[in-house]
Each structure stands twice: as structure tokens, then as C-alpha cells.
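The values are calculated or read from the model by the stated rules, or taken from the named source; none is laboratory data. All figures in this text were calculated on a predicted structure; none of them were measured in a lab. All Cβ positions, even for glycine, are placed from backbone atoms using ideal geometry, and neighbour counts span all protein chains on display. Heads up: the accessible areas ignore ligands, DNA and RNA and are worked out on the full protein's heavy atoms, side chains in. Shrake-Rupley method; radii C 1.70, N 1.55, O 1.52, S 1.80 Å.
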Amino acid sequence: MDINILTVFILAIFVGIEIISKVPPTLHTPLMSGSNAISGIAIVGAIIATRLDGGMGTWLGLIAVIFATVNVIGGFMVTDRMLKMFKRK
Amino acid sequence: MEYSKLFYVLAAILFILGLKKLSHPKTARGGNTMASIGMFIAIVTTLLASNNLDFTLIIAGIVIGGLIGGVFAAKIEMTQMPQMVAIFNGFGGAASALVAGADFIRNIDKLQTGVFINGLSPTFYLVVVILSIFVGTLTFTGSFIAFGKLQGFISGQPIVFPGQQIFNAIFAFSMVTITAYLVMGGNDLVNFFYAIVFLSALMGITLTIPIGGADMPVVISLLNSYSGVAAAATGFVLMNNGLIISGALVGASGLILTNIMCKGMNRSLTNVIFGAVGLKQESSGDGEAKQITVKSYSTEEAAMIFDAADKVIVVPGYGLAVAQAQHAIREVAEFLESKGKKVLYAIHPVAGRMPGHMNVLLAEANIPYEQLKDLDEINPEFEDCDVALVLGANDVVNPAARHDKSSPIYGMPILDVDKSRTVIINKRTMNTGFAGIQNELFGFDNSIMVFGDAKEMLQQLLKDLKEL
């Protein structure tokens, strides 16, 4: 089981390297903010973590939801704002 | 097989396709939308597929976080984009660490009995929890230091103190020791958990404060990568493929950018993190020994040189961002183009404070992206260029990088502005660049200095051009 998931991880790194090497320098800032928004995927874990058991875990989960949402909403919005500006002649 | 897992895979596919579309400005915006749909699917799937959720808490969290993120994203100036990305990186890292922490706290009792957790052996589980908390927390504090430096709350100069490296080594050693102790079945998990959080937070600070302002592109890329690694580690903790794949993508992305930035400065990552270039004492000596005589022109005289030129290459640097001069340069360029002159922009990989910083600024000013050329494309163009206009850039055009082995920037690929007929350099003062070295370019026969704030200088230049 541990091996399966490591395989997924390693293959994903290769996919990442492959597609991101093709991003031109002009788009490096939107790439950073966009990939940053994607790292907000922690929100999935954060939502699960808020499950009610009255313990400290729930509260850590809530803070995580807030932080991850800032990342997701802010990241995608600001990337869109930037990409809107890239125009041709 | 739980169907929810299929939706996580779908989300991951949308992330990959979205990033793929970032390979061209034409498709990039659609790619970002695609990735955000992927995120939406992942969130909805989680809400529907998980049991025992507290929806009030979740909605409250999403509303608060969404408001903060939304307001930031809508209000931020393009010149402040590096700070923004830095702080978002920090939030991402913190979220991952918090999720891992929450899961760990819930499973402490189980850990001591040695049963499998989330399908993982206790050893593997502990290692990934610690990794997630370590990388996530370090990203959080490191990003805040980077934010502070970029925003000017903290000095942009490298902050170093004696024995800094020894402290870092001790912190790292303690982390490894604690991890080993816990993995081998050590007790008192809760207290060691706090110790790990504390050590990680401290290391985020001590590893970031010695890095100077101009090295920020490397730091931000690296922190970007870390936020991905933290998400992936959290994915291992929860055995969630969505997190693992997305985290790996972001980790790879940040790593590639870090590598490009390091190459742009001809420095190794180790050298950037531990080298503390830009320290005053390091650069004195050689630089001061050579006195440079410069020619200072008024904008009126500069206007005449532009009038006689056919081909102009603009070299923007961090000074352009500071002066918010992106619109002013576009107006000057448009005027020159209306006179039949060719205008191009030379973008050095490490110009500004983050990868692609200059491109975003110039795009904001409506400068078409076809005119923005990277280092390899533009360097041959300087040969038949009449005027190279250097705006608030310094180290990236310093010819010392080619020949002066004692220079801290030796070997760094530079823009060959000195090959053009005339180089017009705009700076506020004769202060040295970030690397703290005098730029011999300023004293070259074909170099002319026009002092002043970039924005004011360009506005005056435009006036003078129109009056010719």
C-alpha cells in the first residue's frame, strides 16, 4: 500500500516537470500564483479535519480551512487578474 | 472502491490540463479557470463524501478565508505581486501543517498501540506527519519573513549573526533526533510534537533572514515548492491521492523555477541559502578602488539620442517596479513606435523580485507580450541596437560578470547592453546595485546616465521627445 501511493507521487512529479518546463518565462509569475492556488488542495484535508469530536483537532481544522481558502480563492483570482492583462498586439 | 476517489482523480486531471495550458499566454487564462474548476470539484466531493462534518464551521472558515483571499487578490498592486505570492505560499504551507497536526492529535492513542493508521504503518505515518508539519511550518514562517523583506517591514539586506550556520545545524540535528526517537517508539508524543512545530518555525526564520532582497526570486520559488511538498506530505498522512498529485505538481513547479532562477544568477542553491551575498564588507575593496567617471545627461539631451535611433531595447529592473514606471515607459515606447522606431524589452530571468515579475508589470501597462524577450532571444539583438535604455536595473547588466573573477556576480549571464551603440542608464542615485558592487558599465564610453526617479524621468523624456 505504501508503495502504491509513492508510485503515484513520483509519477506526478515527472508529469509536473514535463508540463511546467514548457511554461514560458513571461508566464512565470502567474504560474507561481496559480500553482500556489493548487497547493491550497490542503483544503480537502482541512474540511475532513473539522469533523466533530470536540477536540483540538477540530479547531486546527477550522484554522486550516481558513488558511487554505485564502490560498485557493486568492490564488486563482489573482492569477486570473494577471492573465487577463496579457495581450497581443 | 469509493466513487469519491474518482472525483479526486478528475480534479487532478483538471489541474494537470490547466497547468499545461499555461504554456501559452493565449490559453493560459482558460487553464487557470480549468484548474479552479478542478478545485471546486475536489471541495464539493469532500463535502459530500465525508461523514460527521461540522458544516457551520466549514462554511464560516470558507467565508472568512474567501473574503481575505478575495480582497487581497482584487486590491493588490501588480508591483506588490511578490509579497502576495509569498504570503499565499505561507498560508498554503500552514494549512497543510495544520491538517497533518489535526490528524496526528486524533491518532496519538492509536500510535502508542502500534496499529495501522489511515492504512499506514505507525512508522511511515509518523515520518510523513513530521515531514508535513516541518515543511509546512517552515514555509509559513519563512514566507512571512520573505513578505516582510519585500514589503519593507524587515531590512532587505541579509541579516546574519555569528554562528548562524551552527544554529541551523543544531536545529536540523534536533529535528532528526526527535524523529528518530519517536519512530523508535519514544514516549511523550505531545510535547515532542510541540517541539517539532517550534523548531520548524524557527528554522523557517533562520533560513530566510540571511537572504537578501535580490535573491528573493529564488526564495519565493523555493517556498512555492515547499508548499507543494507540504501538501503532498499531508496527502500521505491522509492517504489522499488528490493531495499527493497536486502537491507533487506544485513541488515540481517550484523546483523548476528555483533552478531557473539559480541559473540566472550562476549560483548554486546552497550558495543562495547560505552565501548571504550583498553583505557590505564582502564587496568593498575592489569596487571602491576603481573610480568611475560617468557622463550625466538631461532628459532633453537623451531625447535627441532617441530621436536619432531606429532600434531601442528597454531593460527593466526592480527600480522600474519601485517607481511604478510601467505605464510611463509604455507611453514613451508608443511615441517612439509612432515615429517608426522598433522597441523591444529585454527581460533578465532574475530581474525584479520574483520569476516573471517584469513581464506582469509590463503586461499591466498593456505592452504586448510579443515584445518581451528573454535573455537568449534578446542578446544577439543588442549588436545592431541604437539605444539600450536601462531602467532601474544594475547587476543584470554589469559586464564584470563576464571577466571579474573576484566579483560576487562573476559568471552570471547578463544582458549585453554594452554592445549597443548607446546605453542610457536611468538610476535614482549612483548607489551600487544589490550585490554592492560598482558597475563599470556606467563609465563606458557609450554609456550615459540620466539620474532621477524612473517614472518622472520618463514623463519628462516624453515631453522633450514631443517638443523636438
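Which members of the range B:95-120 meet the condition of being small (Gly, Ala, Ser), at negative phi and open to solvent by 10 Å² or more (accessible area, probe 1.4 Å)?
At the first step, the residues of the range B:95-120 found to be small (Gly, Ala, Ser) are B:95-97, B:100-102, B:114, B:119.
Filter once more, so that each one left must be at negative phi: B:95-97, B:100-102.
Answer for the range B:95-120, where residues must be small (Gly, Ala, Ser), at negative phi and open to solvent by 10 Å² or more (accessible area, probe 1.4 Å): just B:Ala97.
Could you tell me which numbered condition B:Met216 fails, if it satisfies all but one of (1) at pLDDT 90 or above; (2) under 22 Å from A:His28 (Cα atoms)?
(1)
So for the range B:185-193 (the condition being assigned to a loop (DSSP other than H, G, I, E, B) and closer than 27 Å to A:Thr69 by Cβ), does at least one residue qualify?
no
Report, by residue number, each residue of the range B:1-28 that is free of Cβ contacts under 8 Å to residues at least 40 places away in the same chain, open to solvent by less than 70 Å² (accessible area, probe 1.4 Å) and closer than 30 Å to B:Gln371 by Cβ.
B:Gly18, B:Leu22, B:Ser23, B:Thr27, B:Ala28
Taking only pairs six or more apart or across chains, which ones have beta-carbon atoms under 8 Å, a first residue in the range B:365-376 that is over 14 Å from A:His28 (Cα atoms), and a second residue that is among the small types (Gly, Ala, Ser) and assigned to a helix (DSSP H, G or I)?
Listed by first residue and then by second, the contacts come to B:Ile367/B:Ala333; B:Leu375/B:Gly264.
Show the residue pairs that are 6+ apart or on different chains and have beta-carbon atoms under 9 Å apart, the first residue being within the range B:189-201 and without any contact (Cβ under 8 Å) to a residue 24 or more places away in the chain, the second being assigned to a helix (DSSP H, G or I) and open to solvent by 50 Å² or more (accessible area, probe 1.4 Å).
If the second residue must be assigned to a helix (DSSP H, G or I) and open to solvent by 50 Å² or more (accessible area, probe 1.4 Å), the pairs left are B:Phe192/B:Tyr181.
Within 23 Å of A:Phe14 (Cβ to Cβ), open to solvent by less than 60 Å² (accessible area, probe 1.4 Å) and not assigned by TED's automatic domain parsing to the domain that holds B:Val250, is that true of B:Leu47? I'd like the intermediate steps shown before the answer.
Values: within 23 Å of A:Phe14 (Cβ to Cβ): no; open to solvent by less than 60 Å² (accessible area, probe 1.4 Å): yes; not assigned by TED's automatic domain parsing to the domain that holds B:Val250: yes.
No; evaluated as a whole, the condition is false for this residue.
Report every pair of residues separated by at least 6 positions or lying on different chains whose Cβ atoms are under 6 Å apart, first residue within the range B:224-253 and more than 7 Å from chain A (Cβ to nearest Cβ) and closer than 28 Å to B:Met81 by Cβ, second of a type in the set (Phe, Trp, Tyr) and crowded, with 24+ Cβ neighbours inside 10 Å.
Within 6 Å, no pair qualifies.
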